[in-house]
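Read the structure below first, then the notes.
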Amino acid sequence: MNTALLNTIILLGSIQGLIISSLLFFSKKNKQSNRLLSVLIFLMALASFNLYANYKNWFNSDILRFISNFVPMVVVMPMGPLLYFYIQSSLDANFKFTKKLRFHFYPVIIDLVPQLTVIIYIAGLLTGIFKNHPQPWGNFIDTYNVYADIPRWMSVSFYVWLSSKSLAAFKLKHADTLNGQANNFKWLQQFIRVFSGFQILWFIFLIPYVIPKYSNKLLDAVDWYPIYIPLAIMIYWLGIKGYARSQADNITLKKSAAGTSALSSSVIEQTISSLKKAMADEKLYLNQNLNLNLLAEHTGISQKTISFVLNQHVHKSFNEFINEYRVECFKQKIAQPELDNLTIAGIALECGFSSQATFQRIFKQSTGQSPSEFRKSVLQIQ
C-alpha cells in the first residue's frame, strides 16, 4: 500500500476543502445555501486534516497537542443537518434558518464528549478532586471514539434520507415548473447520491470497526483509508462542482418566474379569476390530458404567468390546483345514489383522473381517507 500517495490525497483534499469553504462562505451569491455548504465542506476538510496530522505526528508538539485536547477536530453530528438545510435552501429561495431549527444541531454534544472529558479531568486535578492518573480517562476516550461513530453514521444517514424525500416531494409537487431548472435539480440529486454512496461505504467499514475483536485488526489491515480516501474525493468533487453550481441560480420557483415578478395586482387577480372560471364553470379539470400548455391556450394566459401566480399567490402547484377540483368532483359524485352502480375507479376517471393509482394517492393526501373509506362514511350518513 502506497501510504505516501494516499496521505497526499488526504492532505490535498483537506487543503482544497479549506480554500473552497472560505470562497463559498464569503460569496455574495446565494449566501445562505453557500454558507451551509461551506461549513459542511469545512468540517469534512477538518477531519481529513486531523487524520493527516496524526499520521505525521504533528500532535506531538505541545501547541497542537493542547489544541487537539480542547478543540474538536472531528465534528460529524452537524453534517447531516447542514446537508439537509443546504438542500432546503437550494430548493426555496425564501427558506430561512430560524431559531426553531437549532435543535437539529444539539446532538453535536456527541462530538464534544472527548474534549469535555479532558476539561473535567484537568479541572479535577486543579481542584484536587482527582489524582494524576490519566490512563482510565484516556481509555474511556479511546473507547468512546469508537462507539460514537454509530450515532454519527445514523445521524448523517437520517438526514440523507430526509433530503432524498424532500427532493422527491419537490419534483412531484413542481413537475410542471421544473423545466429550465433541470441542471440545478440534477446537481442536488447527484449531491445526495454521492453522500448515500459514502454512507454505504462507511457502514461496511463500521460493522467490523465497532466489534472489539475486529477493530484493531481492521485498522492494522487498511487503517482509515477506506473512509478518508472517498472523503477526500468527495471534497474535491464538492469543491469543484459545488462552487460552480453555487454561482448559478438556485432551484426556486421564485427564480424560475423571475420574468413575471413585476406582475401588477390587477393582472394577478385577473389570472386567478380566469383559472377559477376555467375550472368551476368550464370544468377543464375533467380533461384527463389537461396540462399547463392546454390551460394556457384555453385561457390565453402564458404558461409562465400561470405557474407564477399559482405558486406565489395561490400557493399551489399546477397539479395541486387541478387535482383539488377533481377530488371535490369525486366527493360530489360518490354521494349521488344514481351512480351507485359505478366503481370507485370509474367515478375517478369521470372526474378527470387518468389512473386509479394516482387518484388513490392524491385522494388520501387530500382527505386523510382512502376512497373506499370515504364512500362508506357517505353511505352511513345517507
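The values are calculated or read from the model by the stated rules, or taken from the named source; none is laboratory data. Every value quoted in this text rests on a predicted model; they were computed, and no experiment measured them. With ideal geometry, Cβ positions are generated from the backbone for all residues, glycine too; neighbour counts draw on all protein chains shown.
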Checklist outcome for this item: Among residues of the range 205-246 being more than 30 Å from residue 35 (Cβ to Cβ), part of a loop (DSSP other than H, G, I, E, B) and of a type outside the set (Asp, Glu), the residue nearest to the chain's Cα centre (by Cα) is 210
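Table: residues versus (1) in a helix (DSSP H, G or I); (2) over 21 Å from residue 173 (Cβ atoms); (3) not assigned by TED's automatic domain parsing to the domain that holds residue 172.
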residue	(1), (2), (3)
293	yes, no, yes
297	yes, yes, yes
330	yes, no, yes
341	no, yes, yes
373	yes, yes, yes
Next on the checklist: Where the second residue is charged (D, E, K, R) and the first is within 13 Å of residue 76 (Cβ to Cβ) and lies in the range 136-152, which pairs have Cβ atoms under 9 Å and are six or more apart or on separate chains?
Outcome noted: 148/111; 152/111
Next on the checklist: Given the criterion under 30 Å from residue 173 (Cβ atoms) and modelled with pLDDT under 95, identify the matching residue among 70, 66, 95, 26.
Outcome noted: 95
Checklist entry - For the range 355-371, how many residues are loosely packed, with under 13 Cβ neighbours inside 10 Å and part of a loop (DSSP other than H, G, I, E, B)? => result 2
Item to check | Scope the range 286-313; condition surrounded by 17 or more Cβ atoms within 10 Å (Cβ to Cβ) and of a type in the set (A, V, I, L, M); matching residues | outcome: 290, 292, 295, 301, 306, 309, 310
Next on the checklist: Give all pairs with beta carbons closer than 9 Å in which a residue from the range 213-225 that is closer than 17 Å to residue 201 by Cβ meets a residue that is in a loop (DSSP other than H, G, I, E, B); count only pairs at least 6 apart in sequence or on separate chains.
Outcome noted: 218/211; 222/1; 223/1; 225/1
